[in-house]
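Below is one structure, written out as structure tokens; comments come after it.
The values are calculated or read from the model by the stated rules, or taken from the named source; none is laboratory data. These numbers were taken from a predicted model, which means no experiment stands behind them. Glycine also receives a Cβ, built like all others from the backbone with ideal geometry; neighbour counts cover every protein chain displayed. With ligands, DNA and RNA removed, areas are computed over all heavy atoms of the protein, side chains included. Shrake-Rupley method; radii C 1.70, N 1.55, O 1.52, S 1.80 Å.
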Amino acid sequence: MEIRKELWATEGDQEILRYTMTNESGASAVLCNLGAAILEVNVPDRDGKLGDVVLGYADAKSYFGDGPCLGKCPGRYANRICKGKFSLDGKEYDLPINNGPNHLHGGPDGFQNKIWESRIEGNGVEFMYYAEDGEMGYPGNFKLVARYEWTEDNQLILSFTGVSDQDTVVNLTNHVYFNLNGEGSGTVMDHELQLNCAEYLPTDDTLIPLGESVPVAGTPMDFVQPKKLGLEIKKDFPALNYGKGYDACWIIDGYTPGQLQDACVLYSEATGRYIKVSTTQPGIQVYTGNWLSGCPEGKKGHIYEDYDGVALECQHYPDSPNKPEYPSTVLKAGETFNEAIIFAFGVRQ
């Protein structure tokens, strides 16, 4: 495994760095210390031709404050918190509102818009961010390490480790968008998705979960068997109407805290490429890039349109701090936050 570090750009006195991890077969993953981002994943199609299957921008500065949060790790709380309010240990906290009436992805100055400390460590790359007590309204000084490893069999392994000096709430994911036909190749509506999820979380029209999960059976949310993303995306159904497509959290079957569980498989018949995603987390937010149009210029001059990529965000459920019936997102002072996501790439002939 070869890991190469290079300067990509500067922001004030800070360096924006790229890290390229290349295995013996020539397949590679490219990372960045801005938002601990995944910039590229170059993997073969069924004919052995390498292609980049991750959406990204031409200019490093475009990653600051972008609406789609391309490839980055949002925090301190990925996804939405209703009206930016939650209570912890008897105290109410107010967070900035940045998505309709709600708080999204840790706020406008969340982890995804920060330059993290970074280093090559062993066979991986580590990014560290230190969030101060009160940053974006959250309690506790929180130190987070996101570690990536790229294997010889084309698995990108992301592990999060964090600790806080006060009780706090944490929900972490990576917001990478995939197009298995190659970034810039157009829509992903022909991709087949299979979810290891028999239930999902219905929401209100601001995408805040209403409460209990419900079965997917008999609805457009049913991906228990492989189904093209575009097959039912235009159906008249609340979850699709609210988000202009898929933007919902599914409940991963067999979730056990701390154990890896299969979440989904995404496949493109056109190229033979697939991704199998596994995680230690209880949910997966599937977002079909419903609002990509108008985002900054993509790689190689590509202009991304709606539905040109799909995000498979393994995480805890939205608004968990206000839903005691959900798996807890509370990180107690001095305890260690540990979660993992594995993106395993392969081909079918």
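Observations
- The gain in end-to-end length when the ASN290 to ALA217 segment is fully stretched comes to 23.9 nm, 0.36 nm per residue minus the alpha carbon separation.
- 16 Å reach of a label modelled at ASP204, 7 Å along Cα-to-Cβ, counting backbone N of the stretch 64-84: 80-84
- Projected label distance in nm at LYS61 and LEU88, using a 7 Å step from Cα toward the beta-carbon: 3.5
- Straight-distance crosslink candidates among lysines, where the alpha carbon sits under 21 Å from LYS276 and sequence neighbours closer than 8 are dropped: LYS49, LYS72, LYS227, LYS228
- Within the assembled protein chains, the solvent-accessible surface assigned to ASP253 is about 60 Å², based on a 1.4 Å probe.
- Count Lys and Arg as plus one, Asp and Glu as minus one, and take only other residues whose Cβ is under 13 Å from that of ILE303; the net charge is then -3.
- Between TYR274, LEU231, THR20, the Cα set farthest toward the positive side of the dipole of the chain (charges on each charged residue's Cβ, about the Cα centre) is that of LEU231.
- Of all aspartates and glutamates in the structure, those lying under 16 Å Cα to Cα from LYS300, and not within fewer than 8 positions of it along the same chain, are GLU40, ASP52, ASP59, GLU183, ASP308.
- Derived value for the chain: Kirkwood hydrodynamic radius 20.1 Å. Basis is the mean of 1/r over every pair of different alpha-carbon atoms.
- Under a model in which nothing but the beta-carbon of Lys, Arg (+1) and Asp, Glu (-1) is charged, the chain shows a dipole of about 300 debye around its Cα centre.
- Since only ASN241, TRP116, ILE81 are under comparison, the one whose Cα sits farthest along the positive direction of the charge dipole of the chain, derived from C-beta charges on Lys, Arg, Asp and Glu, is ASN241.
- Taking the charge dipole of the stretch 135-214 about its Cα centre, with +1 at Lys and Arg Cβ atoms and -1 at Asp and Glu Cβ atoms, the residue from VAL145, TYR177, GLN155 reaching farthest to the positive side is VAL145.
- Amide H within-cut-off set for CYS249, under 5 Å, with H built and near neighbours excluded: LEU201
- Percent of alpha-carbon pairs separated by more than 24 Å within the stretch 1-112: 41
- Largest to smallest in accessible area, the residues TYR246, TYR130 fall in the order TYR130, TYR246 (1.4 Å probe, all protein chains included).
- For THR280, the accessible surface of its heavy atoms amounts to roughly 10 Å² (probe 1.4 Å, protein chains only, rounded to the nearest 10).
- Difference of contour (0.36 nm per residue) and Cα-Cα distance, GLN261 to GLU6: 88.3 nm
- MET1 accessible area, 1.4 Å probe, all protein chains in place, Å² to nearest 10: 80
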